[in-house]
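Take a look at the structure set out below.
The values are calculated or read from the model by the stated rules, or taken from the named source; none is laboratory data. Just so we're clear, the structure is a prediction, and the values are computed from it rather than from any experiment. For neighbour counting, all protein chains shown are included, and Cβ atoms are generated from backbone atoms with ideal geometry for every residue, glycine included. Surface accessibility is based on the protein's heavy atoms, side chains included, excluding ligands, DNA and RNA. Shrake-Rupley method; radii C 1.70, N 1.55, O 1.52, S 1.80 Å.
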2 protein chains.
Amino acid sequence: MHDTHLHHEDHLESSALLKDIVIGMSDGLTVPFALAAGLSGAVDNTSVIVLAGIAEIAAGSIAMGLGGFLAGKTEQDHYNSELKREYWEVDHLPQKEREEVKDFFAGLGLSEDVQEKATTELIKDKDRWVEFMMKHELNLDKPDPKRARKSAFNIGVSYIVGGLVPLSPYFFVDEATEALKFSVVITLACLFIFGFFKSKITGVNPWSGGFKVMLIGAVAAATAFGIARLIEGK
Amino acid sequence: MHDTHLHHEDHLESSALLKDIVIGMSDGLTVPFALAAGLSGAVDNTSVIVLAGIAEIAAGSIAMGLGGFLAGKTEQDHYNSELKREYWEVDHLPQKEREEVKDFFAGLGLSEDVQEKATTELIKDKDRWVEFMMKHELNLDKPDPKRARKSAFNIGVSYIVGGLVPLSPYFFVDEATEALKFSVVITLACLFIFGFFKSKITGVNPWSGGFKVMLIGAVAAATAFGIARLIEGK
């Protein structure tokens, strides 16, 4: 077991950026891969597949990036509206809110006496009281205003980088099923490597993690391929 | 302002399912919409668009659904590995872990005396101590084992339902740019309605929320359309 301080800081620092990269890249590797595989089952010409793939990467990166940005903004709005409500409750229903603070301490297994003392001390400062309710009753952390913008960018770029991997063979190979073979090999390899490191960082078994991520891609691609074949009656 | 009990319960009950529907449907409405729009800018025949759209919906719903499922499993693995580590730390570095509990109470603004008493009482029970560290040091809640499966299903189905909306005109109209017009109208309307209710539930301004969601779809579709035109040199 290594140093706990490092463990905790690692945990906090890496988690936001990594979460974004994981969100963007796992979808970026998977969905354009499966779309290209599906089309390879139905059309012979790779130019349509390249076109559809690039349109998908553009659409997906914007939807995820802009989506992430606006989700961040919404989180801030939500936080602010709940904050207003908690101030209102502390002003108008102080007895009830006081009970909730005491319940929290009771839940930690403290004695009646210490519960009472801790509650009395905590609610002396109204701002601290509200902050406490936000965090421990509603489980809401104050969102970082810069996060939304950074997050949007990270997710969008990760999606594009991920999406170009499965699509790249279609740029160079004319026959769709031939390109698909290269795409399957490099994408499944990338998905495995990606899943492996993602798992290593989050502290779970990297081999099974890599396998799981690869499995999602394979199932999605095989299903899209099968459905496209069915539609085309091939 | 309405009853706080209801407010809190609403918050907890609806949030898991709603989050899944929001995740699945916002991407489902947006990405297949933008893909179809992009292809409409480059090909005349709607049959290729229907094919690509269905392949995308299959790929996307599996990637998101299975992705959600495995993310849930990973969250459990992560929780268990951190739990083991906290037990280890409580056994081997009890003084340090005790300090961290006391720091938490200090952060709430309690007096030295109450901090000390509360800490002494809390760490009497080792399981409670570890549970406290998991929740308040690492910010990890015990994941619900059933959630992962339910979540996968909800996200996947929401994606399919969302994705069929923008694609539906292409089933009935032969000419791509003609179908695109219908697709734009119904999808932007659905995105607005979806964003409106989503915002209403999360307690932010529904009009601006609806507009934001619609904007993401419009930007993604316009970009995909523009890029596809460029590629085809139209």
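What to note about this one:
- Peptide-level mean, for A:120-126, of C-beta atoms on other protein chains within 10 Å: 3
- About its Cα centre, chain B has a charge dipole of approximately 680 debye under the convention of +1 per Lys or Arg Cβ and -1 per Asp or Glu Cβ, with nothing else charged.
- Per residue, chain A reaches -29500 deg cm²/dmol at 222 nm when only DSSP H runs of four or more residues are counted, each adding -39500 (n - 2.57).
- Whole-Å distance, taken between Cα centres, linking region A:155-234 and region B:58-128: 35 Å
- Taking the axis that rotates chain A onto chain B, the chain A residue nearest to it by Cβ, with the distance rounded to whole Å, is A:Ala52, 2.
- 0 to 90° range, to nearest 10: angle between helix A:46-92 axis and chain A longest Cα axis: 10 degrees
- Measuring heavy-atom accessible area with a 1.4 angstrom probe and counting protein chains only, the residues of region B:196-223 that give up at least 40 Å² relative to the chain alone are B:Thr202, B:Val204, B:Lys212, B:Ile216.
- GNM flexibility winner over chain B from B:Leu108, B:Leu191, B:Leu17 (Cα, springs under 10 Å): B:Leu108
- For chain B, the solvent-accessible area works out to 47 Å² per residue, with a probe of 1.4 Å and every protein chain left in place.
- Which of A:Leu29, A:Pro145, A:Leu18, positive extreme of dipole for chain A (C-beta unit charges): A:Leu29
- The largest accessible area among B:Arg98, A:Arg149, B:Arg147 belongs to the first residue in A:Arg149, B:Arg147, B:Arg98, and the rest follow in falling order (1.4 Å probe, all chains).
- Residue (of B:Leu83, B:Val204, B:Ile160) at the positive-pole extreme of region B:18-232, dipole from beta-carbon charges: B:Ile160
- Carbon/sulfur fraction of accessible area - the protein assembly as shown, other protein chains in place, 1.4 Å, %: 63 percent
- Comparing mean-square fluctuations of B:Ser47, B:Ser111, B:Ser61 from a GNM of chain B with C-alpha springs under 10 Å, the top value falls on B:Ser111.
- Label-point spacing at B:Asp127 relative to the other copies reads 4.0 nm, in ascending order, each point sitting 7 Å out from Cα along Cα→Cβ.
- The phi torsions of region B:138-153, fed into the Karplus equation with coefficients 6.51, -1.76 and 1.60 and a -60° offset, translate into couplings of 9, 6, 10, 9, 4, x, 7, x, 7, 4, 4, 5, 4, 4, 4, 5 Hz, rounded to whole numbers, with Gly and Pro shown as x.
- In nanometers and ordered shortest first, the copy-to-copy spacing of the B:Val219 label point, defined 7 Å from Cα toward Cβ, is 3.2.
- Given +1 at the Cβ of Lys and Arg, -1 at the Cβ of Asp and Glu and no other charges, the dipole of region B:131-197 around its Cα centre is 360 debye to the nearest 20.
- Pairs from A:Lys135/B:Lys150; A:Lys135/B:Lys117; A:Lys200/B:Lys198; A:Lys150/B:Lys73; B:Lys96/B:Lys146; A:Lys126/B:Lys146 whose Cα-Cα separation, in the structure shown, is over 30 Å: A:Lys200/B:Lys198; B:Lys96/B:Lys146; A:Lys126/B:Lys146
- Between copies, the label points of A:Asp44, set 7 Å from Cα on the Cα→Cβ line, lie 2.1 nm apart, reported in increasing order to one decimal in nanometres.
- Accessible area that becomes buried as A packs against B, both chains, 1.4 Å probe, Å², nearest 100: 6600 Å²
- Candidates A:Lys84, A:Lys73, A:Lys200, ranked by Gaussian network fluctuation over chain A, Cα under 10 Å, top entry: A:Lys84
- Pairwise FRET efficiency - B:Lys142 versus A:His92, Cβ, R0 = 45 Å, nearest 0.05: 0.85
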